[in-house]
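Worksheet: one structure, shown below.
The values are calculated or read from the model by the stated rules, or taken from the named source; none is laboratory data. Here the structure is a predicted model, which means the values were calculated and not measured. Methodologically, a virtual Cβ is constructed for each residue, glycine included, from the backbone with ideal geometry; neighbour enumeration extends over all protein chains shown. Areas reflect the complete protein model, heavy atoms only, side chains present, ligands, DNA and RNA absent. Shrake-Rupley method; radii C 1.70, N 1.55, O 1.52, S 1.80 Å.
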Amino acid sequence: MGISIVVTSGKGGVGKTTTTANISSVLASLGKKVCMVDLDIGLRNLDAVLGLTNRVVYDIVDVAQNRVVLSQALVRDPRFEDNLYLLAASQFADKYVLDQDSVRRIVTYLKQRFDFVIIDCPAGIEYGFQNAVTVADGAIVVTNPELASVSDADRVVGILESMKMPITPHLIINRVRKNMINEGTSMRIDDIVNHLRIPLLGVVVDEDEVIAASNSGKTVVSDKNSDAGHSYRNIAHRMLGESIPLDIFNDTKKVGFFSRVFGRKK
Amino acid sequence: MSNVTLKGSKEGFVVIINDGSDFEQALKDLKTLILKQNIGSTDDDVIQFTIKTGNRLLTKEQRKTVKTVFKNYPQIEIKDIISNVEDKQDVEELLKANKMTIETGIVRSGQKLEFEGDVLFLGVLHEGAKISTTGSMYILGQVEGIVQAGYPDNTSAAIFGNLENAAQLRIADVIEIITEDNADKLHNHQFAYIDEMHSISVDDLQDYKEVMNESRKRTV
Ligand SMILES: Nc1ncnc2c1ncn2[C@@H]1O[C@H](COP(=O)(O)OP(=O)(O)OP(=O)(O)O)[C@@H](O)[C@H]1O
Ligand SMILES: [Mg+2]
């Protein structure tokens, strides 16, 4: 039996879909069986980020409404042999056609076939969010180093904690700008972690390569020279239980903090 | 022993309603007793009575009936109706209102914790979160959200501790918004209370006794 993990944020546009695509690709390339589920009904774009749009024939709403069986709707990513699949969101239906029971049924089935079911959650904390988080075993909360984003993440963490998931929520700080942190014009990593008080899974820099990659239907982890790609690879390894120190700010004075988080001396 | 007895004491006149008596009968006797006092309508002084009900607890209805008996005579007035016993529910509420709760958790954006009585807050109150209680609030943790003491109308409640990062302090119905302009007077060892202008004031903890004595003088 695999585990289901929802990628969520509260605030929109902080990198949930990018995170879902990248960590899923890495896990698949490491030999794990991974299925991504796009629950952002009506605004689907996980398929586009992965360059799989043309392959989508059926979507999750077709499955929920019993027009097709689940296996017919799974889109295989040919770059990862038999390891990476996508269950696409519907572009046409509105979000209320999916109820919690059908989502639970689908995710439970997928957990039997896959090691990881990674759920891309819509922004906000309403209907779609509720559906996604109630079926998940754990959550990744994505935030940007901005006040509004951190505040919404806090709101989401509060809701997640009250649901008593088997795995505590973990944090990814995305679109970090090194220069702004050094200039003191951006929130600092340790301030964000101290505020939210959940384990830090990784920090991803803001990088043109991420946008370029998703525009060409590739994930940035396939770019060996990308810092962001490197961070996503580390995040996937950490999800598998490896302890890899955070290294992106090795050149700053914050090393002590990182070693505290991961219990390691650098 | 008769159903109703009139006594003079240093607190003034006291009417004792024997708690072993039948209430209806006692009521009748009370009326007779008042009539017997021969209260002249020329006398301008209003005489006040305290009614003691012993180990009987009058219901709301019964209290009303007693009061209406007295209403017919403008020359006399009920000061208070006192019983030796208390309603169980009232007692429980009283106990709740007087207890001190210790809270240690993280209160996150969108969450709201509500208490009764005094609260010792050792946790973390995030921006967008709120803690509220009917009594006073003692803050030793970090607060960035809204702190409400004396909810909804207890103006003698106060908020103690390090309050400079809070978003708002509320006591009873008074709201103080913390801005850059007033944050620096809210360092540690401060307390916030409702002053004589019915607005929130902040003072040093060492002046607490003095301030509270002043305010007690006002309310008495
Ligand atoms: N590390 C990064 N560096 C640069 N751009 C990024 C990074 N992460 C995400 N982006 C870009 O930010 C935009 C929003 O990302 P994404 O679609 O993943 O966010 P989302 O949280 O899924 O949004 P929504 O709430 O709308 O679903 C995209 O254009 C994406 O390419
Ligand atoms: Mg998205």
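In table form, for the structure just shown:
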{"item": "Test result for A:ASP191, away from ligand 1 (no atom under 16 Å from the Cβ), open to solvent by 50 Å² or more (accessible area, probe 1.4 Å) and among the acidic types (Asp, Glu)", "result": "yes"}
{"item": "Tally of residues being open to solvent by less than 50 Å² (accessible area, probe 1.4 Å) and closer than 15 Å to B:ILE146 by Cβ across segment B:114-123", "result": "4"}
{"item": "Test result for B:HIS189, over 21 Å from the mean Cα position of the chain (by Cα) and at positive phi", "result": "yes"}
{"item": "Flag if A:GLY10 is within 16 Å of ligand 1 (Cβ to nearest atom), of a type outside the set (Lys, Arg), within 23 Å of A:ALA139 (Cβ to Cβ) and within 14 Å of chain B (Cβ to nearest Cβ)", "result": "yes"}
{"item": "Subset of segment A:27-53 (residues that are more than 16 Å from A:SER90 (Cβ to Cβ), open to solvent by 10 Å² or more (accessible area, probe 1.4 Å) and not small (Gly, Ala, Ser))", "result": "A:LEU30, A:LYS32, A:LYS33, A:VAL49"}
{"item": "Of the criteria (1) open to solvent by 60 Å² or more (accessible area, probe 1.4 Å); (2) part of a loop (DSSP other than H, G, I, E, B); (3) touching a residue at least 12 places away in the same chain (Cβ under 8 Å), which one B:TYR138 fails", "result": "(2)"}
{"item": "Residue within segment A:224-236 that is within 16 Å of ligand 2 (Cβ to nearest atom), open to solvent by 30 Å² or more (accessible area, probe 1.4 Å), touching a helix residue (DSSP H, G or I) at 6+ places or on another chain (Cβ under 7 Å) and outside any loop (DSSP other than H, G, I, E, B) present", "result": "no"}
{"item": "Verdict on B:ILE178 being crowded, with 16+ Cβ neighbours inside 10 Å, of a type outside the set (Gly, Ala, Ser) and under 19 Å from B:PHE115 (Cα atoms)", "result": "no"}
{"item": "Complete set of residues in segment B:78-107 that are within 27 Å of B:ASP153 (Cβ to Cβ) and part of a strand (DSSP E or B)", "result": "B:ILE78, B:LYS79, B:ASP80, B:ILE81, B:ILE82, B:MET100, B:THR101, B:ILE102, B:GLU103, B:VAL107"}
{"item": "Some residue of segment B:32-53 being outside any loop (DSSP other than H, G, I, E, B), exposed (fewer than 11 other Cβ atoms within 10 Å of the Cβ), of a type in the set (D, E, K, R) and not assigned by TED's automatic domain parsing to the domain that holds B:ASP153", "result": "yes"}
{"item": "Restricting segment A:137-155 to residues that are under 9 Å from A:SER9 (Cβ atoms) and facing chain B (nearest Cβ under 9 Å), the residue that is surrounded by the fewest Cβ atoms within 10 Å (Cβ to Cβ)", "result": "A:ASP152"}
{"item": "Checking B:GLY105 against (1) modelled with pLDDT under 95; (2) within 20 Å of B:ILE177 (Cβ to Cβ), the condition it does not meet", "result": "(2)"}
{"item": "Failed criterion for A:VAL220 (all others in (1) at pLDDT 90 or above; (2) out of contact with any Gly (no Cβ under 6 Å at 6 or more places or on another chain); (3) open to solvent by less than 70 Å² (accessible area, probe 1.4 Å) hold)", "result": "(2)"}
{"item": "Scope segment B:54-66; condition part of a helix (DSSP H, G or I) and over 23 Å from the mean Cα position of the chain (by Cα); matching residues", "result": "B:GLN62, B:THR65, B:VAL66"}
{"item": "Which listed residue, of A:ILE159, A:ILE125, is within 12 Å of chain B (Cβ to nearest Cβ) and assigned to a loop (DSSP other than H, G, I, E, B)", "result": "A:ILE125"}
